[in-house]
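Input: a single structure, listed below in structure tokens.
Laboratory data are not the source of any read-out in this text; all were calculated from the coordinates shown. Quick caveat: nothing in here was measured; it's all calculated off a predicted structure. As a convention, Cβ positions derive from the backbone with ideal geometry for all residues, glycine included, and neighbour counts pool all protein chains shown.
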Amino acid sequence: MELMMSIAVGILFMVGVYLILTRSLLRIILGTSLLTHAVHLLLLTMARLKKGAPPLLGEHASAYTDPVPAALILTSIVISFGVTSFFFVLAYKAYQKLKTDDMEQLRGDEGE
Amino acid sequence: MLSILHAAIILPFILAAGMPLLKRLPGKPHPGWAVMLAPAVLFVYFLKQIPIVQSGNDIVAALPWITSLGIEFSVQLDGLSLLFTLLISGIGTLVVLYSIFYMDKEKEAVHRFYVYLLLFMGAMLGVVLSDNLIVLYGFWELTSISSFLLIAFWHHRERSRYGAFKSMLITVFGGLAMLAGFVLVYLMTGTFSVREILQNTGIIAGHPLMLPALLLVLLGAFTKSAQFPFHIWLPDAMEAPTPVSAYLHSATMVKAGLYLVARFTPVFSGQAAWFWLVSGVGLITLIFGSFKAIKQTDLKAMLAFSTISQLGLIMALLGLGSASGYYTDVQQSLFYSKATMAAIFHLMNHAVFKGALFMVVGIVDHETGTRDIRKLGGLMSIMPVTFTVAAIGALSMAGIPPFGGFLSKEMFFTAVLNAREMGIWSMDTWSSLFPVIAWAASVFTFAYSMVLLVRTFAGKFKPEQLKLQPHEAPVGMLIPPVIMAALALVFGLFPGLLSYSLIEPAMAAVLPGLLGPGEKFLVSIEFWHGWTPEVFMTLGVIGAGILVFVLQPKVKALNSTGSARFSLNGVYDSGLRTLERSSKWLTDKYMTGSVRHYLIYIFTFLVVVLGAIMLAFDGFSLDSSSYAPVTVYEAAILLALIIAAIAVPFANSRLLAIILTGAVGYMVSLFFVIFRAPDLALTQLIVETVSVTLFLLCFYHLPKLKKELTVLKFKLTNFLISLGVGLMVTLIALSALSAGNSHPFESISKFFLEASYTLAGGKNVVNVILVDFRGFDTMLEIVVLGIASLGIYAMIRLSLNEKQEQLPPGAGFNKQSGGRLVSVRSNDVILRMTSRVAMFIILTFSWYLFFAGHNNPGGGFIGGLMTSAALVLLAIAFGLDVMRSIVPLNFRKVMASGLLIAFLTGLGSLWFGVPFLSHAFGHEYLPILGEVELATAVIFDLGVYLTVVGVTMTIILEIGRDR
């Protein structure tokens, strides 16, 4: 499982980075979303998979999965929601003002 | 422990911080009156320390700071420090008094001026009182910065900015070199404490790092004290207001370099390099400065070169005095220590007469509107008091009895004459040059002193060339220079006042090795020693000086300001230009303005550096022994996830790309379920749902996806880089998993699992970590969320306002009912009917999730998101107005109150004497509900809940409102 997950994470990273390097703002935003997913799965995988019950002590299980990555990821999900929405608004506001979403045209010129 | 000495350093800073309050005072008194209190109080305090220091007891106090690096805020007050603190506070008091009349509170930004001045005062006290070299360095740079700010005080003038920048560059360059020198000293001795270093001078003496350390420390001292060839910043620093020039650029800051040399004399004395550099550079500066001073036509420039020259004189004396560290025979050592005595005495004399002269020039400038000696003249009868002060100052500077300057000039001659007998370090060849240079420089000094005095105050009065009608300055402006002039006279007539109170303790600090316990230096300064060579030298100076003064207007060498073809300033200017041009060229090479390029650098760096390090340390490994098994179901989801992800770059429509990304998100939440992270699965599901709404709203505003019309090379680069990153991540993940098999260290997760219930009373460990163990992180996280939502709010409102301005006033832009969510409003009857029911179910469920959070999956984040989802559903089904009428809340206020609750819960724990955000919990029996757990963590979670609702709704509603 860990092997497969690592490969999947690698693929998600690859697609995410590829999208970020493209010229369209929308693709870049989607790329960051995919990167976020990739990071979450990576964190989870690093803690080993399926090694026990959910970290709810009411379960009285003999082993629990690692709660630390879960806590980290929970934080990250909510933050990335905020950041993604910010990106979105920034992107379409930039588009409305500058009439382009092409990063090559958005690049700063001399003296700007 | 914080001592009074620490407080003395901090006092000016506190006063500077309180300056804005002074601005609010009724009646707007000049802030200088309040500011003057600080140096005055400090002066009295330091005066009272004289008997203690005199008896040989240094005052020492330490305040731990970064102890692991040997850095502590330790201070000491010995004879040398005391001398400087008295200069700083004493002259500081007079300068502030003077500035009250110089700086017009109506026309100038006086508050800002005093903030900078106090900043300098505190920093300078810090320099001379610090025992720790790193702390000393910090204060040292702070003096450079405050000097920069003060020189550029009239920053609308181009010359001021130029001068400020120049002084900053040169002194900070020297400061950095000095820091490197300090680090080398630390490497040799293992301590940053000056007192401890002085006990280890033996280690330094023969150490291979000694010479580099010596050179670097001296570089700091020479740049700060404007020694040749670094002196070029000082004349340009004269653009500062005159009180600043009098204070920083003559009496105190430029003497920091002298202080440093004096402070390090016990460390490096007896070294040939130290002796030659300090005295040699000092002498060159002395003659060069005095020669340049004659040629100046601007009074302040003349004083600037004069200061440079006098600083060189003191520097040279310190160098000559350091020779006494070479000799083991006490009699010989004492013989050469006379130079150090002269240095200390002249330091005080110079501060006094130069301070007086600067203030005089300030008065002349203030009253006549010019400082050009070609326009001035004949002011003697118009400004008699100013003239008297100027005469005393100039005569003291020229070395004429009965003023202090005469005595120290005589001692200087004695020192250079003594140097002829040294016979070490090839002094036998060169020593006869010393008296010659000293004598010649004194001749020039005499000459420019006369130029300054005579050209300004005697001769013909030329009122037609002056901007203002000159008259005597106001009394307040005259008091400080009169006091200084009086001191110049007192120092001359009664040098005994200083002998054992200040000079002897300072000498003991500079040359501690010469004295046995309980011994004292013999300090006797007298007017008359008989017909000694010094007397003849002085007579010669007067004769030749008068000659130079008379010849000055006629001989070109004495009045032309030098060739423009080659000058140190030219070197500095063109060097700076070349530096700017080449760094711009270099930066333009890689700072292309394209975000993509920057990302390529970052990603390539990541791949190359990580890969290289992993390879170098043989980090890649694969150990599949403990992997979890895979079921077909999981494999299928994974496949779906990969396919969806890979399809995103190929999607040609916006909708498809968004849906595919969403699909990845939902797959990820399925994995959260499989990997037993229920909280994550819930969160991810709701976030994905809310995100889709958000995407669809933004969708309207974004352009259609164009097919990427780019060349293959562009795509190939992108592909290769992303492939590299993906590969690297996979390899590192696998290697980390293999490395983890050997359990190199205990995971902290065990602690959380064990302590979750016993310490925090919660069974959902993830939630307990969020609200309790790592509550502070969570609090800052919701702050970030809040900022993001306000950012969105601002971006949208900003352009809304622009549009409103374009519309004619009163044109129908309905602020309340907003926007496009109305048009999105569904006409679907089924949706409206079901959502009526569903909404309540979702809301109830969200509250359940919120309350369950501490023990079961759920919590503030999840509950908050769920509630927002319900509200969004309501808005979509019935339109924004209906939603507003049902939930009449300002969601920004909801967010703010959430943040406030979270913060107050955290503060509440302080009330019980425990650290910020400590939670308490208890299990109570309540009727009907049975045993219920009450935890303050729940209140904190309520804050999180409200913030999340507020943030999400603000974002969604604002985007929905935007047209």
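How big is the antiparallel share of DSSP beta bridges in the protein assembly as shown, given as a percent to the nearest 5?
On the way: 16 of 17 bridges.
Looking only at bridges with both residues in the protein assembly as shown, the antiparallel portion is about 95 percent.
Taking the Cα centre of chain B as origin and charging only Cβ (+1 Lys, Arg; -1 Asp, Glu), how large is the dipole, in debye to the nearest 20?
Roughly 3380 debye, rounded to the nearest 20.
Report the calculated FRET efficiency for residue B:52 and residue B:24 (r = Cβ-Cβ distance, R0 = 56 Å), to the nearest 0.05.
The calculated FRET efficiency here is 0.90.
What Kirkwood hydrodynamic radius do you get for the protein assembly as shown when you take the inverse of the mean 1/r over all pairs of distinct Cα atoms, in Å?
About 34.9 Å, per the Kirkwood formula over Cα pairs.
In debye, nearest 20: dipole of the protein assembly as shown around its Cα centre with unit charges on the Cβ of K, R (+) and D, E (-)? Kindly include the intermediate steps, with their values, before the conclusion.
Details: 69 positive and 59 negative charges, 686 e Å.
The dipole magnitude comes to about 3300 debye.
Which distance in Å, rounded to a whole number, links the C-alpha centroids of segment B:652-687 and segment B:335-404?
81
Identify the residues of segment B:59-85 with backbone N under 17 Å of a label point that sits 7 angstrom from the Cα of residue B:196 along the Cα-to-Cβ direction, or state none.
Inside the label zone: B:60-76.
Label segment B:724-780 by shape, choosing from rounded, prolate and oblate, from the square roots a ≥ b ≥ c of the eigenvalues of the Cα gyration tensor; if a/c is under 1.5 it is rounded, and otherwise prolate applies when a/b is larger than b/c, oblate when it is not.
Oblate.
Please report how far the C-alpha centroid of segment B:829-878 lies from that of segment B:887-908, rounded to the nearest whole angstrom.
The distance from the Cα centre of segment B:829-878 to that of segment B:887-908 comes to 20 Å.
For the Cα atoms of chain B, what angle does the longest principal axis make with the long axis of helix B:4-17, in degrees from 0 to 90, nearest 10?
Compared with the principal axis, the helix lies near 70 degrees.
Roughly how many whole Å is it from the C-alpha centroid of segment B:63-129 to that of segment A:39-106?
51
Kindly state, to the nearest 0.05, the FRET efficiency for residue B:107 paired with residue B:882, given R0 = 56 Å and r defined as their beta-carbon distance.
Efficiency, from the Cβ-Cβ distance: 0.35.
Which value in nm describes the separation of the simple spin-label points at residue B:712 and residue B:10, placed 7 Å from the Cα toward the beta carbon?
Between residue B:712 and residue B:10, the simple spin-label model gives 7.1 nm.
Please identify every one of the trypsin sites (Lys or Arg not before Pro) in segment B:18-53 that sits in a loop by DSSP and has no more than 13 other beta carbons within 10 Å of its own beta carbon.
Loop-located and lightly packed - B:24.
Assuming a ≥ b ≥ c are the square roots of the Cα gyration tensor eigenvalues, decide whether chain B counts as rounded (a/c under 1.5), prolate (otherwise, with a/b larger than b/c) or oblate. Intermediate values should be presented prior to the final figure.
Working: a/c = 2.44, a/b = 2.11, b/c = 1.16.
Prolate, since a/c reaches 1.5 and a/b exceeds b/c.
First measure r as the distance between the Cβ atoms of residue B:165 and residue B:830, then evaluate 1/(1 + (r/R0)^6) with R0 = 51 Å and state the FRET efficiency to the nearest 0.05. List each step's numbers first, then the result.
Details: r = 72 Å, r/R0 = 1.42.
Given R0 = 51 Å and the Cβ-Cβ separation, E is 0.10.
In whole percent, what relative contact order does chain B give with Cα contacts below 8 Å and a gap of six or more residues?
8
Could you tell me which of rounded, prolate or oblate describes segment B:597-751, using a ≥ b ≥ c as the square roots of the eigenvalues of the alpha-carbon gyration tensor, with rounded for a/c under 1.5 and, failing that, prolate when a/b is larger than b/c and oblate otherwise?
oblate
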